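What follows is a set of notes on a single structure, which appears directly below.
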Amino acid sequence: MKKRKIAAILMTVVLAVGTLAGCGGGSSSSGGGSGDSSAEADSSDSGSGDAEGITIFNSKMEVQSQMEEMAEKYSEEKGVPVEVYYSSDTVAAHLATKYASNDPYTISMVDAKDVYSLAEEHALDLTGEGWVDKTTQAISIGDKVYGFPVCIEARGIIYNADAIKNITGEDFDPSSIKTKADFEDLCKTLVDGGMEAPTGVMKEDWSLGAHYLAQVYEEQDDPDAFIAGIKDGSVDLAKDEKYNSLMDTFDVLKDNNYAKDAAISAEREVTEQKLAEGEIAFMFGGNWDWSVLNAYDYTENMGMMPVPQDMEDDFSGKLVGGGSKYFFIDSSENTSETQQQEAKDFLNWLVDDEEGQSFIVNDCALVPAYSNITLEVADPLGKSVKEYTDDDLLVPNYNYLPDDHYSICGASFQKYLAGETDRDGLAKEITDYWGTAEVGEH
Amino acid sequence: MKRNKLSYKVSQFLMFAGPAALLFLAVVIIPFIYGLYLTFTSWDGIAKEKPWVGFANYAAAFGDGDYWMAMLRTGIYSFFAVILVNIVAFTLAYLVTSGIKGQNFFRAGFFVPNLIGGIVLGYVWKFVFNRAFVAIGSALSGTTVPSLLSTTGGAMFCLILVTVWQYAGYMMLIYVAGFMSVSDALKEAAMIDGCIPAQAMWNVTIPLMRASFVQCIFLSITRCFVVYDVNLSLTKGEPFNTSVMAAMHVYNQAFTYKNYGLGQAEALLLFVVCAVVGVTQVYIGKKGEVAA
């Protein structure tokens, strides 16, 4: 009898432990959420004077392995433990969970728009840091600097010069393509010369909505006023000169698209492979596309040029872009002063130390945002962007579009690409969108 | 120690159900209540302040046209998917219990799709739709055909097809159990009384399997209404956001568009709809159940 009782109790314990263990993984991370943060704060305060170590959140997937290597080396050389984390989740959603569990990263890499929404509550004021004077791309709100630009990225037409030369027999000079007509003629020459279709168009909503369409706002003298005009009806988007100028050029891209009959099923990888291997010659994109292009049998003779347009204004001959991906340092009580200092030192190391500079330019193949970094950018698209940056030929990004803009307007733009709506229909859908949407505070 | 004392009952309960109840409370009930609280705030998901806005989020949810479109789409999707899943599952179950050669092998084979996670499954099928079908279609017609996934109706069709493929094997197992539970003696008796096999199936076997139907339909309805993973990896809402299901809209609203309170309110409405449909179905189904 007694044995049976003991056996029963044992069974119960096993079952109970089993249930607990099953949820162990989940509850340990969420446990910190409702629990108090003092335990963490205590442990980080106790070792003041010594290095406490920092955590970095990386949201640029293509440089994750480089970041990890760098962290290991940096930890060894500087004696400051650095850990790098990556998440494929939406940046804001991922940080929201970290903040909800009182376990923020010391340094987080976010998009420009996130800096505006997060900085005032969560970011450390970086005014007065050495790097601030060396860049034009830092993000300030009010009179405080919050965002450290990681690199420069710009949008335009990516070309494959070898593919063009194979047909025309002449070296391709991107500066010869200034207007829509130039572009159209060259496409025609290429088709006549035997290239089946000279362009590719990415159907992704972020490419159409956030990158191509956004140029309509960005290439206005006052984007804020322009959007306000769409909202109150004083601007008729369908009749806007810039909108039509950009859509004219888009039509050339669309008509020469290799996937013209099935534009919405074109896959980004396939399009980039065709461009890299010279089956097509042009694609609208940005220098971040290099991380996809270089997976294929590419040629070095590629580069970026501005979207050719008939409208001549201050924005002609310029790429659109600027600082992309920003670091900010957490200002909450979860990050100790020592850690904040270590984080600041790390950012300075990236800009001022030769190894840090080399990490950004050589290891990660990014275009540096700092004037004191003179290292040569390795990839051809980055080289183009660096030239335009050095010549001050960049149209700044408009970073205040609402979060759902790319998805909703991108979907409308996809309809245009698929031929399910016309230019006026697209303008109407965008105008309707702005009827309720609000631009971010800035 | 008296067995009917309250303290005894409580300690027995705590010993056996305590740990599980505690966990259920911690990971389901408390988050649910906290979520309910968040629907009354205009929290963006990350700010320190959670401003109280009363019922504004519910008003906004009822006025969110995209949400109700997604809901309608989910309803249509669930309607077709539930019917097809159950027809296919029932047919398969009938075949693998009818004594064909290698039926255990088939049972295992049909169940395998259910073992592949929704995300992986979506990517596999995406490849099939975008590459394999396009290549076959193009070869047959001589021109480039667009992928099914890039057409408005096609994307929904693909979602339903993949769902049927995924769940049919699982539901089949429940139907197999149902078939096995009907005693052969009853079927034989019906045959002796002059039934043809179809009549025996319709009048004897199916009524006795009512519990399996109730269970399968309930499971498939609730799973279809909250579909997310296949939706995400197969269509991602494309083309033109016409394949965004309710759960995906809720996720986008809360996390991508950073309207956490509104997203939470919409999630709650989805829960209510799902619960009402599921409970009604079980209630109706249970009412006419016959005991063998």
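The values are calculated or read from the model by the stated rules, or taken from the named source; none is laboratory data. Because the structure is a prediction, the values reported are computed rather than measured. Cβ atoms come from the backbone with ideal geometry, glycine included; neighbour counts cover every protein chain shown.
For B:Phe105, indicate whether it is away from every other protein chain (no Cβ under 13 Å) and either touching a residue at least 24 places away in the same chain (Cβ under 8 Å) or closer than 30 Å to A:Glu120 by Cα (or both).
Taking the combined requirement at face value, the residue does not satisfy it.
Among (1) touching a residue at least 12 places away in the same chain (Cβ under 8 Å); (2) within 13 Å of chain A (Cβ to nearest Cβ); (3) crowded, with 18+ Cβ neighbours inside 10 Å, there is one condition B:Val145 misses while meeting the rest; what is its number?
(1)
Regarding A:Ala214, is this residue modelled with pLDDT of 90 or more, surrounded by 19 or more Cβ atoms within 10 Å (Cβ to Cβ), of a type in the set (Gly, Ala, Ser) and assigned by TED's automatic domain parsing to the domain that holds A:Asp310?
yes
Consider A:Asp236 carefully, then state whether it is more than 20 Å from A:Val307 (Cα to Cα), surrounded by fewer than 20 Cβ atoms within 10 Å (Cβ to Cβ) and assigned by TED's automatic domain parsing to the domain that holds A:Met304. Steps first, answer last, please.
Working: more than 20 Å from A:Val307 (Cα to Cα): yes; surrounded by fewer than 20 Cβ atoms within 10 Å (Cβ to Cβ): yes; assigned by TED's automatic domain parsing to the domain that holds A:Met304: yes.
Yes.
Listed here are the residues, each with its yes/no results for (1) in a loop (DSSP other than H, G, I, E, B); (2) surrounded by 17 or more Cβ atoms within 10 Å (Cβ to Cβ).
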{"residue": "A:Trp290", "(1), (2)": "no, yes"}
{"residue": "A:Tyr296", "(1), (2)": "yes, no"}
{"residue": "A:Asp313", "(1), (2)": "yes, no"}
{"residue": "A:Asn334", "(1), (2)": "yes, yes"}
{"residue": "A:Thr338", "(1), (2)": "no, yes"}
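Could you list all residues from the range B:253-274 that are within 13 Å of chain A (Cβ to nearest Cβ) and of a type in the set (D, E, K, R)?
B:Lys258
Under the condition of being within 14 Å of chain B (Cβ to nearest Cβ) and surrounded by fewer than 21 Cβ atoms within 10 Å (Cβ to Cβ), which residue from the range A:264-288 is modelled with the highest pLDDT?
A:Gln273
Taking the range A:85-115, which residues are in a helix (DSSP H, G or I) and within 12 Å of chain B (Cβ to nearest Cβ)?
A:Val91, A:Ala92, A:Ala93, A:His94, A:Leu95, A:Ala96, A:Thr97, A:Lys98, A:Tyr99, A:Ala100, A:Lys113, A:Asp114
State all residues of the range B:1-27 that are among the hydrophobic types (A, V, I, L, M, F, W, C) and more than 11 Å from chain A (Cβ to nearest Cβ); if no residue qualifies, say none.
Matches in the range B:1-27: B:Met1, B:Leu6, B:Val10, B:Phe13, B:Leu25.
I need every pair where a residue in the range B:149-178 that is within 14 Å of chain A (Cβ to nearest Cβ) and over 14 Å from B:Trp125 (Cβ atoms) has its Cβ under 7 Å from the Cβ of a residue that is buried (at least 19 other Cβ atoms within 10 Å of the Cβ) and among the small types (Gly, Ala, Ser), sequence separation at least 6 or different chains.
B:Ser150/A:Ala262; B:Ser150/A:Ser265
Which of the residues that make up the range B:34-92 are over 27 Å from B:Ile160 (Cα atoms) and charged (D, E, K, R)?
Of everything in the range B:34-92, those that are over 27 Å from B:Ile160 (Cα atoms) and charged (D, E, K, R) turn out to be B:Asp44, B:Lys48, B:Glu49, B:Lys50.
Among the residues of the range A:382-403, what is the count of those that are within 26 Å of A:Ala228 (Cβ to Cβ) and more than 9 Å from every other protein chain (Cβ to nearest Cβ)?
Summing the residues that are within 26 Å of A:Ala228 (Cβ to Cβ) and more than 9 Å from every other protein chain (Cβ to nearest Cβ) in the range A:382-403 gives 8.
Listed here are the residues, each with its yes/no results for (1) more than 14 Å from chain A (Cβ to nearest Cβ); (2) in a helix (DSSP H, G or I).
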| position | (1), (2) |
| --- | --- |
| B:Trp202 | yes, yes |
| B:Ile217 | yes, yes |
| B:Ser220 | yes, yes |
| B:Asn231 | yes, yes |
| B:Gly237 | no, no |
| B:His249 | no, yes |
| B:Gln281 | yes, yes |
| B:Gly285 | yes, yes |
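Run down A:Leu347, A:Leu393 and say which single residue is at pLDDT 85 or above and touching a Phe, Trp or Tyr at 6+ places or on another chain (Cβ under 9 Å).
On the way: A:Leu393 fails: touching a Phe, Trp or Tyr at 6+ places or on another chain (Cβ under 9 Å).
After applying the criteria, what remains is A:Leu347.
Before we move on, is A:Gly425 in a loop (DSSP other than H, G, I, E, B) and small (Gly, Ala, Ser)? Before you say what the answer is, go through the steps one by one.
Working: in a loop (DSSP other than H, G, I, E, B): no; small (Gly, Ala, Ser): yes.
So A:Gly425 fails the test.
Name the residues in the range A:404-428 that are within 10 Å of another protein chain (Cβ to nearest Cβ) and among the hydrophobic types (A, V, I, L, M, F, W, C), would you?
A:Ile408, A:Ala411, A:Phe413, A:Leu417, A:Ala418, listed by residue number.
Being without any contact (Cβ under 8 Å) to a residue 12 or more places away in the chain and at the interface with chain A (Cβ under 10 Å from one of its Cβ atoms) is the filter here; which residues of the range B:33-59 pass it?
The answer is B:Tyr34, B:Ala47, B:Lys48, B:Glu49.
Keeping to the range A:174-215, report how many residues are closer than 14 Å to A:Pro306 by Cα and assigned to a helix (DSSP H, G or I).
9
Go through the range B:53-68 and count every residue that is part of a helix (DSSP H, G or I) and of a type outside the set (Ser, Thr, Tyr).
Residues meeting the conditions: 9.
Which ones in the range A:216-226 are over 25 Å from A:Ile157 (Cβ atoms) and either of a type in the set (Gly, Ala, Ser) or assigned to a helix (DSSP H, G or I) (or both)?
Across the range A:216-226, the qualifying residues are A:Asp224, A:Ala225.
So, of the residues in the range A:246-262 that are facing chain B (nearest Cβ under 9 Å) and surrounded by fewer than 22 Cβ atoms within 10 Å (Cβ to Cβ), which turns out to be farthest from B:Phe129 (Cα to Cα)?
In the first step, residues of the range A:246-262 are kept if they are facing chain B (nearest Cβ under 9 Å); the result is A:259-262.
Okay, now just the ones that are also surrounded by fewer than 22 Cβ atoms within 10 Å (Cβ to Cβ), so A:260-262.
Working: A:Lys260: 18, A:Asp261: 16, A:Ala262: 13 Å.
Out of the qualifying residues, it is A:Lys260.
A:Ile56: in contact with a Gly (Cβ under 8 Å, 6 or more places away or on another chain) and not in a helix (DSSP H, G or I), yes or no?
Considered against the rule, which asks whether it is in contact with a Gly (Cβ under 8 Å, 6 or more places away or on another chain) and not in a helix (DSSP H, G or I), A:Ile56 comes out as no.
Determine whether the range A:140-163 contains at least one residue that is surrounded by fewer than 17 Cβ atoms within 10 Å (Cβ to Cβ), in a loop (DSSP other than H, G, I, E, B) and either over 28 Å from the mean Cα position of the chain (by Cα) or within 14 Å of chain B (Cβ to nearest Cβ) (or both).
The answer is no; no qualifying residue exists.
Among the residues of the range B:158-170, is there at least one that is hydroxyl-bearing (Ser, Thr, Tyr) and in contact with a Lys or Arg (Cβ under 8 Å, 6 or more places away or on another chain)?
Checked against the condition, which is being hydroxyl-bearing (Ser, Thr, Tyr) and in contact with a Lys or Arg (Cβ under 8 Å, 6 or more places away or on another chain), the range B:158-170 yields at least one hit.
Go through A:Glu376, A:Glu420, A:Glu387 for me and flag whichever is without any contact (Cβ under 8 Å) to a residue 60 or more places away in the chain, of a type in the set (D, E, K, R), assigned to a helix (DSSP H, G or I) and farther than 24 Å from A:Asp111 by Cβ. Give the steps one after another, and end with the answer.
Working: A:Glu376 fails: assigned to a helix (DSSP H, G or I); A:Glu420 fails: assigned to a helix (DSSP H, G or I).
Just one listed residue meets the conditions, A:Glu387.
Out of all the residues in the range B:96-105, which are touching a helix residue (DSSP H, G or I) at 6+ places or on another chain (Cβ under 7 Å) and over 12 Å from B:Leu173 (Cβ atoms)?
Selection gives B:Gln103 alone.
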